[in-house]
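Asker: Supplied in C-alpha coordinates, the structure appears directly below.
The values are calculated or read from the model by the stated rules, or taken from the named source; none is laboratory data. Given the structure is predicted, the values throughout are model-derived calculations rather than measurements. Cβ sites come from the backbone with ideal geometry, for glycine too, and all protein chains shown count toward neighbours.
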Amino acid sequence: MERKPNESWNFAALLIQGVARRVGNELTSEKLVLPFLYTALGGSVFFTGLFAPVVIVARLVAQLLGARLVELTNRGNILIGLTVAATGAVFVFLGTATGGLPAALLPVVFIAAATLLGFSNGFSALVFQDLIGRILTDRSRIRLLFTIGAGSGAIVIVTTLVSQAIVGLEPDAEPARDHFHLLWAGVAMMFVSAVAAFLVREAPGGAEKAEDGEGYLSSAFRNARLVFRLPWFRRFVRARVLLLSVEMVLPFFAVHAATFHADKAPSLSVFVIAVSLGMIGGGLAWPRVGRKSIQLVLSLSCALAGAAAVLALANHLIGDVQSLLIHAAMIFLLAFGTQGALDGSTAYVVRSTTDEERPYCISVSNLIAGIVGIGLALVAGLIAEGPGVIVAIVFMGVINAAGAIYTLRLPDVTPAEGAAGGEGAG
(Lines give C-alpha, C1' and ligand atoms only; values in the text may rest on other atoms or scores of the structure.)
Protein backbone atom coordinates (compact mmCIF):
# COMPACT_ATOMS: atom_id res chain seq x y z
CA MET A 1 0.00 0.00 0.00
CA GLU A 2 1.32 3.49 -0.92
CA ARG A 3 2.61 5.57 1.98
CA LYS A 4 0.78 8.75 2.95
CA PRO A 5 2.54 12.16 2.92
CA ASN A 6 4.56 12.80 6.11
CA GLU A 7 3.57 9.34 7.36
CA SER A 8 6.73 8.67 9.38
CA TRP A 9 6.57 12.07 11.09
CA ASN A 10 2.85 11.78 11.76
CA PHE A 11 3.21 8.24 13.09
CA ALA A 12 5.81 9.43 15.61
CA ALA A 13 3.78 12.49 16.65
CA LEU A 14 0.58 10.46 17.00
CA LEU A 15 2.42 7.78 18.95
CA ILE A 16 3.63 10.34 21.50
CA GLN A 17 0.22 11.99 21.57
CA GLY A 18 -1.63 8.70 21.92
CA VAL A 19 0.67 7.25 24.57
CA ALA A 20 0.59 10.41 26.68
CA ARG A 21 -3.19 10.65 26.32
CA ARG A 22 -3.70 7.00 27.21
CA VAL A 23 -1.45 7.38 30.28
CA GLY A 24 -3.44 10.45 31.30
CA ASN A 25 -6.70 8.56 30.82
CA GLU A 26 -5.55 5.61 32.91
CA LEU A 27 -4.37 7.82 35.77
CA THR A 28 -7.68 9.73 35.79
CA SER A 29 -9.99 6.92 34.65
CA GLU A 30 -13.70 7.20 35.32
CA LYS A 31 -13.77 3.40 35.38
CA LEU A 32 -11.13 2.83 38.07
CA VAL A 33 -9.58 5.98 39.54
CA LEU A 34 -12.70 8.14 39.93
CA PRO A 35 -14.85 5.40 41.54
CA PHE A 36 -11.96 4.44 43.83
CA LEU A 37 -11.24 8.03 44.90
CA TYR A 38 -14.92 8.78 45.37
CA THR A 39 -15.45 5.67 47.50
CA ALA A 40 -12.28 6.37 49.50
CA LEU A 41 -13.55 9.90 50.27
CA GLY A 42 -16.81 8.46 51.64
CA GLY A 43 -19.17 8.86 48.68
CA SER A 44 -22.35 6.81 48.22
CA VAL A 45 -22.04 3.60 46.21
CA PHE A 46 -25.15 4.45 44.19
CA PHE A 47 -23.62 7.61 42.76
CA THR A 48 -20.46 5.68 41.92
CA GLY A 49 -22.53 3.67 39.46
CA LEU A 50 -23.61 6.89 37.73
CA PHE A 51 -20.13 8.03 36.65
CA ALA A 52 -19.98 5.70 33.65
CA PRO A 53 -23.49 6.61 32.34
CA VAL A 54 -22.76 10.33 32.73
CA VAL A 55 -19.50 10.00 30.78
CA ILE A 56 -21.29 7.93 28.12
CA VAL A 57 -24.07 10.51 27.65
CA ALA A 58 -21.57 13.35 27.34
CA ARG A 59 -19.43 11.35 24.90
CA LEU A 60 -22.46 10.62 22.73
CA VAL A 61 -23.60 14.22 22.53
CA ALA A 62 -20.08 15.40 21.70
CA GLN A 63 -19.59 12.79 18.99
CA LEU A 64 -22.97 13.21 17.33
CA LEU A 65 -22.71 16.99 17.19
CA GLY A 66 -19.00 16.90 16.39
CA ALA A 67 -19.19 14.50 13.43
CA ARG A 68 -20.18 17.28 11.02
CA LEU A 69 -17.32 19.49 12.26
CA VAL A 70 -14.86 16.66 11.67
CA GLU A 71 -16.21 16.20 8.15
CA LEU A 72 -15.83 19.91 7.36
CA THR A 73 -12.25 20.41 8.51
CA ASN A 74 -8.91 18.72 8.12
CA ARG A 75 -7.39 20.40 11.19
CA GLY A 76 -7.96 17.41 13.43
CA ASN A 77 -4.63 17.83 15.20
CA ILE A 78 -5.63 21.30 16.43
CA LEU A 79 -8.99 19.99 17.63
CA ILE A 80 -7.33 17.11 19.48
CA GLY A 81 -4.75 19.36 21.11
CA LEU A 82 -7.30 21.85 22.40
CA THR A 83 -9.66 19.14 23.61
CA VAL A 84 -7.00 17.16 25.46
CA ALA A 85 -5.81 20.36 27.15
CA ALA A 86 -9.39 21.01 28.23
CA THR A 87 -9.55 17.51 29.74
CA GLY A 88 -6.46 18.29 31.81
CA ALA A 89 -8.14 21.45 33.06
CA VAL A 90 -11.17 19.38 34.15
CA PHE A 91 -8.99 17.30 36.45
CA VAL A 92 -7.18 20.34 37.83
CA PHE A 93 -10.64 21.47 38.91
CA LEU A 94 -11.47 18.05 40.40
CA GLY A 95 -8.18 17.76 42.29
CA THR A 96 -8.53 21.19 43.89
CA ALA A 97 -12.31 21.24 44.48
CA THR A 98 -12.46 18.07 46.60
CA GLY A 99 -10.04 19.27 49.29
CA GLY A 100 -12.00 19.41 52.54
CA LEU A 101 -15.32 19.07 50.68
CA PRO A 102 -18.27 17.64 52.71
CA ALA A 103 -19.31 14.13 51.68
CA ALA A 104 -22.78 15.42 50.69
CA LEU A 105 -21.25 17.56 47.93
CA LEU A 106 -18.94 14.89 46.54
CA PRO A 107 -21.54 13.54 44.03
CA VAL A 108 -22.03 17.03 42.55
CA VAL A 109 -18.31 17.61 41.97
CA PHE A 110 -17.55 14.13 40.65
CA ILE A 111 -20.58 14.02 38.34
CA ALA A 112 -19.74 17.49 37.01
CA ALA A 113 -16.18 16.37 36.33
CA ALA A 114 -17.44 13.18 34.67
CA THR A 115 -19.72 15.23 32.40
CA LEU A 116 -16.91 17.50 31.23
CA LEU A 117 -14.62 14.51 30.86
CA GLY A 118 -17.15 12.75 28.66
CA PHE A 119 -17.53 15.75 26.35
CA SER A 120 -13.81 16.16 25.84
CA ASN A 121 -13.00 12.46 25.54
CA GLY A 122 -15.85 11.79 23.15
CA PHE A 123 -14.93 14.53 20.73
CA SER A 124 -11.17 13.90 20.82
CA ALA A 125 -11.68 10.16 20.24
CA LEU A 126 -13.86 10.89 17.21
CA VAL A 127 -11.30 13.28 15.76
CA PHE A 128 -8.39 10.91 16.43
CA GLN A 129 -10.08 7.97 14.71
CA ASP A 130 -10.96 10.08 11.69
CA LEU A 131 -7.46 11.57 11.60
CA ILE A 132 -5.61 8.25 11.51
CA GLY A 133 -7.99 7.06 8.80
CA ARG A 134 -6.93 9.97 6.59
CA ILE A 135 -3.19 10.34 7.20
CA LEU A 136 -2.01 6.76 7.91
CA THR A 137 -2.16 3.55 5.91
CA ASP A 138 -4.09 0.55 7.22
CA ARG A 139 -0.92 -1.23 8.35
CA SER A 140 0.33 1.86 10.18
CA ARG A 141 -3.04 2.40 11.84
CA ILE A 142 -3.14 -1.08 13.34
CA ARG A 143 0.49 -0.85 14.45
CA LEU A 144 -0.12 2.59 15.97
CA LEU A 145 -3.21 1.56 17.94
CA PHE A 146 -1.65 -1.46 19.60
CA THR A 147 1.76 0.19 20.10
CA ILE A 148 0.00 2.97 21.98
CA GLY A 149 -1.59 0.36 24.21
CA ALA A 150 1.65 -1.44 25.08
CA GLY A 151 3.76 1.72 25.36
CA SER A 152 1.28 3.58 27.54
CA GLY A 153 0.96 0.59 29.84
CA ALA A 154 4.70 0.61 30.52
CA ILE A 155 4.78 4.37 31.08
CA VAL A 156 1.80 4.21 33.44
CA ILE A 157 3.74 1.78 35.63
CA VAL A 158 6.83 4.01 35.66
CA THR A 159 4.77 7.15 36.28
CA THR A 160 2.84 5.48 39.10
CA LEU A 161 5.97 4.25 40.85
CA VAL A 162 7.80 7.57 40.47
CA SER A 163 4.85 9.63 41.70
CA GLN A 164 4.36 7.24 44.62
CA ALA A 165 8.03 7.62 45.56
CA ILE A 166 7.83 11.42 45.35
CA VAL A 167 4.77 11.65 47.58
CA GLY A 168 6.00 8.99 50.01
CA LEU A 169 3.91 6.96 52.44
CA GLU A 170 4.10 8.65 55.81
CA PRO A 171 2.61 6.69 58.74
CA ASP A 172 0.18 9.51 59.58
CA ALA A 173 -0.79 10.31 55.98
CA GLU A 174 -4.47 10.20 55.02
CA PRO A 175 -4.78 7.38 52.43
CA ALA A 176 -7.78 8.95 50.66
CA ARG A 177 -5.87 12.16 49.85
CA ASP A 178 -2.60 10.31 49.19
CA HIS A 179 -4.24 8.56 46.22
CA PHE A 180 -4.63 11.94 44.46
CA HIS A 181 -0.99 12.04 43.41
CA LEU A 182 -1.99 9.79 40.50
CA LEU A 183 -4.52 12.38 39.36
CA TRP A 184 -1.86 15.09 39.13
CA ALA A 185 0.49 12.81 37.20
CA GLY A 186 -2.35 12.16 34.75
CA VAL A 187 -2.94 15.88 34.27
CA ALA A 188 0.72 16.41 33.40
CA MET A 189 0.60 13.65 30.76
CA MET A 190 -2.51 15.17 29.17
CA PHE A 191 -0.70 18.44 28.56
CA VAL A 192 2.20 16.51 26.98
CA SER A 193 -0.37 14.85 24.70
CA ALA A 194 -1.83 18.22 23.70
CA VAL A 195 1.59 19.53 22.65
CA ALA A 196 2.31 16.39 20.57
CA ALA A 197 -1.04 16.74 18.77
CA PHE A 198 -0.09 20.21 17.50
CA LEU A 199 2.99 18.67 15.81
CA VAL A 200 0.94 16.47 13.44
CA ARG A 201 1.15 17.57 9.79
CA GLU A 202 -2.03 17.50 7.71
CA ALA A 203 -2.36 18.22 4.01
CA PRO A 204 -4.41 21.31 3.05
CA GLY A 205 -7.90 20.95 1.69
CA GLY A 206 -11.21 19.50 2.82
CA ALA A 207 -12.83 22.66 4.18
CA GLU A 208 -14.69 23.21 0.91
CA LYS A 209 -17.16 20.55 2.01
CA ALA A 210 -18.82 23.23 4.11
CA GLU A 211 -20.23 24.95 1.07
CA ASP A 212 -23.28 22.76 0.54
CA GLY A 213 -26.01 25.18 1.65
CA GLU A 214 -27.26 22.78 4.31
CA GLY A 215 -27.49 23.58 8.00
CA TYR A 216 -24.91 22.10 10.35
CA LEU A 217 -27.30 20.04 12.48
CA SER A 218 -29.58 18.96 9.61
CA SER A 219 -26.58 17.72 7.65
CA ALA A 220 -25.17 15.89 10.68
CA PHE A 221 -28.44 14.04 11.33
CA ARG A 222 -29.01 13.30 7.63
CA ASN A 223 -25.60 11.68 7.28
CA ALA A 224 -26.09 9.82 10.55
CA ARG A 225 -29.24 8.25 9.09
CA LEU A 226 -27.52 7.34 5.83
CA VAL A 227 -24.96 5.04 7.47
CA PHE A 228 -27.78 2.67 8.41
CA ARG A 229 -28.04 1.75 4.74
CA LEU A 230 -24.78 -0.16 5.20
CA PRO A 231 -25.75 -3.74 6.15
CA TRP A 232 -22.39 -4.52 7.73
CA PHE A 233 -22.77 -1.42 9.91
CA ARG A 234 -26.03 -2.62 11.42
CA ARG A 235 -24.31 -5.81 12.50
CA PHE A 236 -21.37 -3.87 13.90
CA VAL A 237 -23.72 -1.71 15.98
CA ARG A 238 -25.08 -4.83 17.68
CA ALA A 239 -21.55 -5.99 18.37
CA ARG A 240 -20.62 -2.54 19.69
CA VAL A 241 -23.46 -2.73 22.19
CA LEU A 242 -22.13 -6.04 23.51
CA LEU A 243 -18.53 -4.83 23.54
CA LEU A 244 -19.54 -1.89 25.72
CA SER A 245 -20.05 -4.31 28.61
CA VAL A 246 -16.31 -5.03 28.56
CA GLU A 247 -15.58 -1.34 29.07
CA MET A 248 -18.32 -0.72 31.65
CA VAL A 249 -17.68 -3.49 34.15
CA LEU A 250 -14.40 -2.11 35.56
CA PRO A 251 -16.07 0.48 37.88
CA PHE A 252 -17.86 -2.33 39.70
CA PHE A 253 -14.58 -4.17 40.19
CA ALA A 254 -13.11 -0.87 41.47
CA VAL A 255 -15.92 -0.43 44.01
CA HIS A 256 -15.56 -4.06 45.08
CA ALA A 257 -11.80 -3.59 45.55
CA ALA A 258 -12.17 -0.24 47.34
CA THR A 259 -14.55 -1.85 49.83
CA PHE A 260 -11.70 -4.05 51.07
CA HIS A 261 -8.57 -2.04 50.29
CA ALA A 262 -9.34 1.72 50.33
CA ASP A 263 -7.61 2.08 53.73
CA LYS A 264 -4.33 0.76 52.30
CA ALA A 265 -2.46 3.74 50.86
CA PRO A 266 -0.69 1.96 47.95
CA SER A 267 -3.74 -0.09 46.89
CA LEU A 268 -4.87 2.23 44.09
CA SER A 269 -1.32 2.30 42.74
CA VAL A 270 -1.32 -1.52 42.70
CA PHE A 271 -4.56 -1.57 40.71
CA VAL A 272 -3.32 1.08 38.27
CA ILE A 273 -0.19 -1.02 37.71
CA ALA A 274 -2.41 -4.08 37.13
CA VAL A 275 -4.30 -2.13 34.47
CA SER A 276 -1.01 -1.09 32.92
CA LEU A 277 0.30 -4.65 32.78
CA GLY A 278 -2.94 -5.65 31.07
CA MET A 279 -2.44 -2.87 28.53
CA ILE A 280 1.13 -4.00 27.87
CA GLY A 281 0.06 -7.62 27.46
CA GLY A 282 -2.80 -6.61 25.18
CA GLY A 283 -0.60 -4.32 23.12
CA LEU A 284 1.84 -7.18 22.52
CA ALA A 285 -0.66 -10.01 22.01
CA TRP A 286 -3.62 -8.47 20.18
CA PRO A 287 -1.74 -7.35 17.03
CA ARG A 288 -0.64 -10.96 16.46
CA VAL A 289 -4.24 -12.12 16.73
CA GLY A 290 -5.47 -9.15 14.70
CA ARG A 291 -3.30 -10.06 11.72
CA LYS A 292 -5.42 -13.19 11.43
CA SER A 293 -8.81 -11.75 12.40
CA ILE A 294 -10.04 -8.55 14.05
CA GLN A 295 -13.23 -10.44 14.85
CA LEU A 296 -11.23 -12.95 16.89
CA VAL A 297 -9.67 -10.08 18.85
CA LEU A 298 -13.13 -8.79 19.75
CA SER A 299 -14.40 -12.23 20.72
CA LEU A 300 -11.44 -13.07 22.93
CA SER A 301 -11.70 -9.66 24.59
CA CYS A 302 -15.23 -10.44 25.69
CA ALA A 303 -14.13 -13.88 26.85
CA LEU A 304 -11.41 -12.40 29.07
CA ALA A 305 -13.86 -10.00 30.70
CA GLY A 306 -16.14 -12.95 31.36
CA ALA A 307 -13.21 -14.86 32.88
CA ALA A 308 -12.59 -11.95 35.28
CA ALA A 309 -16.23 -12.16 36.40
CA VAL A 310 -15.87 -15.91 37.00
CA LEU A 311 -12.74 -15.28 39.09
CA ALA A 312 -14.58 -12.63 41.11
CA LEU A 313 -17.50 -14.98 41.76
CA ALA A 314 -15.20 -17.86 42.78
CA ASN A 315 -13.32 -15.54 45.13
CA HIS A 316 -16.61 -14.40 46.63
CA LEU A 317 -17.96 -17.91 47.14
CA ILE A 318 -14.76 -19.18 48.76
CA GLY A 319 -14.98 -16.32 51.25
CA ASP A 320 -12.41 -14.38 53.26
CA VAL A 321 -9.82 -14.51 50.47
CA GLN A 322 -10.01 -10.83 49.67
CA SER A 323 -6.32 -10.29 48.99
CA LEU A 324 -4.95 -7.29 47.15
CA LEU A 325 -3.24 -9.51 44.57
CA ILE A 326 -6.42 -11.43 43.70
CA HIS A 327 -8.27 -8.20 43.01
CA ALA A 328 -5.28 -7.00 40.99
CA ALA A 329 -5.44 -10.20 38.92
CA MET A 330 -9.09 -9.56 38.07
CA ILE A 331 -8.33 -5.99 37.03
CA PHE A 332 -5.41 -7.23 34.91
CA LEU A 333 -7.72 -9.55 32.95
CA LEU A 334 -10.23 -6.73 32.43
CA ALA A 335 -7.55 -4.36 31.18
CA PHE A 336 -6.18 -6.99 28.81
CA GLY A 337 -9.66 -7.60 27.42
CA THR A 338 -10.59 -3.90 27.25
CA GLN A 339 -7.44 -3.20 25.23
CA GLY A 340 -8.64 -5.63 22.56
CA ALA A 341 -12.24 -4.42 22.62
CA LEU A 342 -11.38 -0.73 22.25
CA ASP A 343 -8.59 -0.92 19.69
CA GLY A 344 -10.14 -3.87 17.86
CA SER A 345 -13.46 -2.12 17.33
CA THR A 346 -11.64 1.04 16.23
CA ALA A 347 -9.54 -0.92 13.72
CA TYR A 348 -12.64 -2.69 12.39
CA VAL A 349 -14.74 0.41 11.74
CA VAL A 350 -11.83 2.50 10.38
CA ARG A 351 -10.88 -0.30 7.97
CA SER A 352 -14.46 -0.71 6.77
CA THR A 353 -15.34 2.92 5.99
CA THR A 354 -14.56 5.63 3.47
CA ASP A 355 -13.41 9.08 4.62
CA GLU A 356 -16.96 10.44 4.21
CA GLU A 357 -18.61 7.59 6.12
CA ARG A 358 -16.11 7.29 8.95
CA PRO A 359 -17.13 10.16 11.30
CA TYR A 360 -20.78 9.15 11.15
CA CYS A 361 -20.18 5.41 11.52
CA ILE A 362 -18.05 6.10 14.58
CA SER A 363 -20.43 8.57 16.20
CA VAL A 364 -23.66 6.69 15.41
CA SER A 365 -22.33 3.33 16.60
CA ASN A 366 -21.14 4.95 19.84
CA LEU A 367 -24.48 6.76 20.21
CA ILE A 368 -26.57 3.62 19.97
CA ALA A 369 -24.21 1.57 22.10
CA GLY A 370 -24.15 4.33 24.68
CA ILE A 371 -27.93 4.68 24.90
CA VAL A 372 -28.21 0.98 25.59
CA GLY A 373 -25.17 1.19 27.84
CA ILE A 374 -26.73 3.92 29.99
CA GLY A 375 -29.64 1.66 30.82
CA LEU A 376 -27.29 -1.25 31.35
CA ALA A 377 -25.09 0.73 33.73
CA LEU A 378 -28.07 1.98 35.71
CA VAL A 379 -29.46 -1.55 36.05
CA ALA A 380 -26.05 -2.82 37.15
CA GLY A 381 -25.76 0.11 39.59
CA LEU A 382 -29.12 -0.73 41.15
CA ILE A 383 -28.07 -4.36 41.42
CA ALA A 384 -24.84 -3.31 43.11
CA GLU A 385 -26.74 -1.09 45.55
CA GLY A 386 -29.24 -3.88 46.34
CA PRO A 387 -28.16 -7.53 46.02
CA GLY A 388 -24.50 -6.48 45.91
CA VAL A 389 -21.59 -5.56 43.67
CA ILE A 390 -20.68 -9.20 43.03
CA VAL A 391 -24.14 -9.81 41.53
CA ALA A 392 -23.67 -6.83 39.20
CA ILE A 393 -20.29 -8.23 38.12
CA VAL A 394 -21.84 -11.61 37.29
CA PHE A 395 -24.67 -9.88 35.40
CA MET A 396 -22.14 -8.10 33.20
CA GLY A 397 -20.19 -11.33 32.79
CA VAL A 398 -23.19 -12.97 31.13
CA ILE A 399 -23.30 -10.15 28.56
CA ASN A 400 -19.56 -10.59 27.99
CA ALA A 401 -20.21 -14.23 27.10
CA ALA A 402 -22.88 -13.24 24.55
CA GLY A 403 -20.44 -10.73 23.00
CA ALA A 404 -17.76 -13.41 22.65
CA ILE A 405 -20.10 -15.46 20.47
CA TYR A 406 -21.62 -12.65 18.38
CA THR A 407 -18.45 -10.77 17.42
CA LEU A 408 -16.98 -13.84 15.74
CA ARG A 409 -19.69 -13.54 13.07
CA LEU A 410 -18.94 -9.96 11.97
CA PRO A 411 -18.30 -9.76 8.19
CA ASP A 412 -15.08 -8.65 6.51
CA VAL A 413 -15.75 -5.36 4.69
CA THR A 414 -13.57 -3.12 2.51
CA PRO A 415 -14.28 0.63 2.14
CA ALA A 416 -15.57 0.05 -1.41
CA GLU A 417 -18.02 -2.55 -0.14
CA GLY A 418 -19.01 -0.27 2.71
CA ALA A 419 -19.83 2.52 0.31
CA ALA A 420 -21.87 0.21 -1.86
CA GLY A 421 -23.80 -1.38 0.92
CA GLY A 422 -21.52 -4.20 2.03
CA GLU A 423 -22.17 -7.86 2.47
CA GLY A 424 -24.30 -9.80 4.83
CA ALA A 425 -27.74 -9.44 6.16
CA GLY A 426 -28.77 -6.69 8.46
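Asker: Where in segment 31-139 are the helices (runs of 4 or more DSSP H), entirely inside, with at least 3 residues that are touching a Ser or Thr at 6+ places or on another chain (Cβ under 7 Å)?
Answerer: Passing ranges, in order: 33-40, 51-72, 76-97, 106-135.
Asker: Just need a number here: residues in segment 140-172 that are in contact with a Ser or Thr (Cβ under 6 Å, 6 or more places away or on another chain) and among the polar types (S, T, N, Q).
Answerer: 2
Asker: Still on this structure, please answer the following. For segment 375-396, check the following and say yes or no: at least one residue is surrounded by 24 or more Cβ atoms within 10 Å (Cβ to Cβ), among the aromatic types (Phe, Trp, Tyr), modelled with pLDDT of 85 or more and more than 29 Å from Ala67 (Cα to Cα).
Answerer: no
Asker: Quick check on my filter: what residues within segment 77-113 are among the aromatic types (Phe, Trp, Tyr), surrounded by 17 or more Cβ atoms within 10 Å (Cβ to Cβ) and under 21 Å from Val192 (Cβ atoms)?
Answerer: Phe91
Asker: For segment 332-345, does any single residue satisfy the condition of being within 17 Å of the chain's Cα centre (by Cα) and charged (D, E, K, R)?
Answerer: Yes: segment 332-345 contains one or more residues that are within 17 Å of the chain's Cα centre (by Cα) and charged (D, E, K, R).
Asker: Would you confirm whether any residue within segment 242-264 is modelled with pLDDT of 85 or more, farther than 18 Å from Val391 by Cα and crowded, with 20+ Cβ neighbours inside 10 Å?
Answerer: Yes: segment 242-264 contains one or more residues that are modelled with pLDDT of 85 or more, farther than 18 Å from Val391 by Cα and crowded, with 20+ Cβ neighbours inside 10 Å.
Asker: Can you confirm whether segment 36-50 contains a residue that is in contact with a helix residue (DSSP H, G or I) (Cβ under 7 Å, 6 or more places away or on another chain), within 16 Å of Ser120 (Cβ to Cβ) and touching a residue at least 60 places away in the same chain (Cβ under 8 Å)?
Answerer: no
Asker: Follow-up question, since we're still on this one. I want to confirm something. Restricting to segment 157-183 and keeping residues that are over 17 Å from Ser29 (Cα atoms) and part of a loop (DSSP other than H, G, I, E, B), which single residue is modelled with the highest pLDDT?
Answerer: The extreme case among them is Gly168.
Conditions (1) over 30 Å from Asp412 (Cβ atoms); (2) in a loop (DSSP other than H, G, I, E, B), marked per residue:
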residue: Leu284; (1), (2): no, no
residue: Val289; (1), (2): no, no
residue: Lys292; (1), (2): no, yes
residue: Val310; (1), (2): yes, no
residue: Phe332; (1), (2): yes, no
residue: Gly337; (1), (2): no, no
residue: Asp343; (1), (2): no, no
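Asker: Report, ordered by the first and then the second residue, all pairs with beta carbons closer than 7 Å, sequence separation of six or more or different chains, a first member in segment 147-162 that is closer than 18 Å to Phe180 by Cα, and a second member that is hydroxyl-bearing (Ser, Thr, Tyr) and surrounded by 24 or more Cβ atoms within 10 Å (Cβ to Cβ).
Answerer: What qualifies is Val156/Ser276; Ile157/Ser276.
Asker: Picking from Arg21, Arg68, which residue would you name as being at pLDDT 75 or above and either farther than 23 Å from Leu250 by Cα or in contact with a Phe, Trp or Tyr (Cβ under 9 Å, 6 or more places away or on another chain) (or both)?
Answerer: None of the others qualify; the one that does is Arg21.
Asker: Another question about this same structure. Any idea which of (1) touching an Asp or Glu at 6+ places or on another chain (Cβ under 8 Å); (2) surrounded by 23 or more Cβ atoms within 10 Å (Cβ to Cβ); (3) within 24 Å of Ala309 (Cα to Cα) is the one Leu342 doesn't satisfy?
Answerer: Looking at each condition in turn, Leu342 falls short on (2).
Asker: Could I ask something else about it? Considering Arg291, Arg351, which residue is in contact with an Asp or Glu (Cβ under 7 Å, 6 or more places away or on another chain) and surrounded by fewer than 24 Cβ atoms within 10 Å (Cβ to Cβ)?
Answerer: So the residue among Arg291, Arg351 that is in contact with an Asp or Glu (Cβ under 7 Å, 6 or more places away or on another chain) and surrounded by fewer than 24 Cβ atoms within 10 Å (Cβ to Cβ) is Arg351.
Asker: Considering only residues that are touching a Pro at 6+ places or on another chain (Cβ under 9 Å) and more than 14 Å from Arg358 (Cα to Cα), look in segment 228-241 and name the one that is surrounded by the fewest Cβ atoms within 10 Å (Cβ to Cβ).
Answerer: Pro231
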